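Accompanying notes for the structure given below.
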Amino acid sequence: MKKSVIFGATDSKFGDFTINHWLKSLKENVNLSNTEIVILDYGMNEEQISKLKEQKVIIKKCVRNGHVTIIRYKDMKDFLNETKNRYDQVLATDAGDIIFQSDISELFNKDKTNFRVVCETYNIFNFHNIYSKGMFIEEDIKNMKELLKDRKMINVGIIFAPVEEFLKICDKFNSILIDKTKFGPEQVALNYILYRDGNFKEIEEKYNYVISTAANAFKINDGKFYSNGEIIHIVHNTGWKSFLRPVKNFGYGKDFNKVKKGYLLALRTMAKTKKILKIPL
C-alpha cells in the first residue's frame, strides 16, 4: 500500500515555528500511520535541523534560488520523482503560519483523483490585478484576466492532490511563471491552472480556515480556534507581512493566539465594501 506525504518548507527564520507549532500540532492531531512528513530546508540552522531529525521527519536540503513559496514546487516535484511510486497522495502546506487542530487524514481517501482545496469567501487582496510582464508571458496574462475575473480565490496554502496530478501542476506552474523571486504570483498561477483545467473539488473551509477571509466567525478558547461550536481542523493566519496577520502570537497551545484589536473587522469591512488592498510586487 502506497503512503501519503505531507510537505512543509522552511528556513532559519520560520524554522522554530515549523518545529514547535506546525509539526507539533500535526503530529499530535493527525493520524500519520500511513503518512510521511517531508521538510524542504531552505537554510535552517544546525539546532533546528537536529530537532527535526529527532522527530524522524525527512529533510530535503534545497537551493534557495528564488522565493520559497515558488521554488518549493520544483523541489517537491524533484523529491516525488526521486521516490517514484512510494506515495499516491500529497498534502502541500505552508509551514510558517498554519496549525493543525484535528485529524485531516480522511481527506487523503476522498476524491482521490482530484485536487482538494478551499476557496476563500472574501478576497481581501485583489489578486486578479497581480499581473506583470516580468512574471508571466503576455498571452497568459490576457487569459488569466479573463478566466479569473469574479472567481473566488483558491487559497494554495493547503493543497491535497494525487501524486501524478501534482507532478503535472508543478510542471505547468514552472512553465508559466517567469519571475520566481517575488511573493504573490504563485497564487495567481495556481488559481489560473486549477480553474483552467477544472480538476479540483472545493472542500469545507475548516480544512484551511483563513482567518481574515473565512465565511464563519471564530472564537478562541485556551488557545484553540472554534467555529460554530466545533474545533477548526486547520487554522491559517495568512498575511503578506506580519502586520497583516489578524492573530498575534499565533501558535499551538493555550498560551498563544490573541486577535489584534479591531483588525479583523477592518479587513472584512474592506472586503465587503470592495475597498480591496493591492499587493505591491
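Only the coordinates and a few stated rules stand behind these numbers; no lab work does. Note that the structure is a prediction, hence the values are computed from the model and not measured. Heads up, the Cβs are rebuilt from the backbone with ideal geometry, glycines too, and the neighbour counts pull from every protein chain shown.
With R₀ set to 45 Å, the beta-carbon distance separating Thr181 from Thr121 gives a calculated FRET efficiency near 0.90. When all alpha carbon pairs of region 3-205 are counted in 5 Å bins from zero, the resulting P(r) reads 1, 7, 16, 19, 20, 18, 11, 5, 2, 0 %.
When peptides 142-154, 91-103, 246-258, 66-78 are ranked by their average number of other Cβ atoms within 10 Å per residue, the highest-first order is 91-103, 66-78, 246-258, 142-154. If you take the square roots of the eigenvalues of the alpha-carbon gyration tensor of region 172-262 and sort them as a ≥ b ≥ c, do you get rounded (a/c under 1.5), prolate (a/b over b/c) or oblate? It is oblate, given that a/c is not under 1.5 and a/b is not larger than b/c.
Note on Asn45/Ile220: beta-carbon distance plugged into 1/(1 + (r/R0)^6) with R0 of 35 Å gives a FRET efficiency of 0.65. For region 196-204, putting each phi into the Karplus relation 6.51 cos²θ - 1.76 cosθ + 1.60 with θ = phi - 60° gives couplings of 5, 7, x, 9, 9, 10, 7, 10, 4 Hz, in residue order, rounded to whole numbers and with x for Gly and Pro. Here the chain is treated with +1 on each Lys and Arg Cβ and -1 on each Asp and Glu Cβ, and its dipole about the Cα centre works out to around 760 debye. Here the gap between Lys3 and Lys260, fully extended at 0.36 nm per residue and compared with their Cα-Cα distance, gives a gain of 88.5 nm. Each of Tyr122, Tyr209 has some number of other Cβ atoms within 10 Å of its Cβ, and from fewest to most they run Tyr122, Tyr209. Label positions at Lys201 and Asn114, each projected 7 Å from the Cα along the C-beta direction, are separated by 0.6 nm.
Across region 159-165, rounded Karplus estimates of 3J(HN,Hα) from the backbone phi angles (6.51 cos²θ - 1.76 cosθ + 1.60, θ = phi - 60°) give 9, 8, 7, x, 4, 4, 5 Hz, Gly and Pro being marked x. Rounded to the nearest 500 deg cm²/dmol, what is the calculated helix-only ellipticity per residue at 222 nm for the chain, with -39500 (n - 2.57) per DSSP H run of length n ≥ 4? Calculated from helices alone, the mean residue ellipticity at 222 nm is -9000 deg cm²/dmol.
In region 3-205, Cα pairs under 8 Å separated by at least six residues give a relative contact order of 27 percent.
Cross-link partners for Lys201 among the lysines, with Cα-Cα distance under 18 Å and sequence neighbours closer than 8 places in the same chain left out: Lys110, Lys112, Lys152, Lys168.
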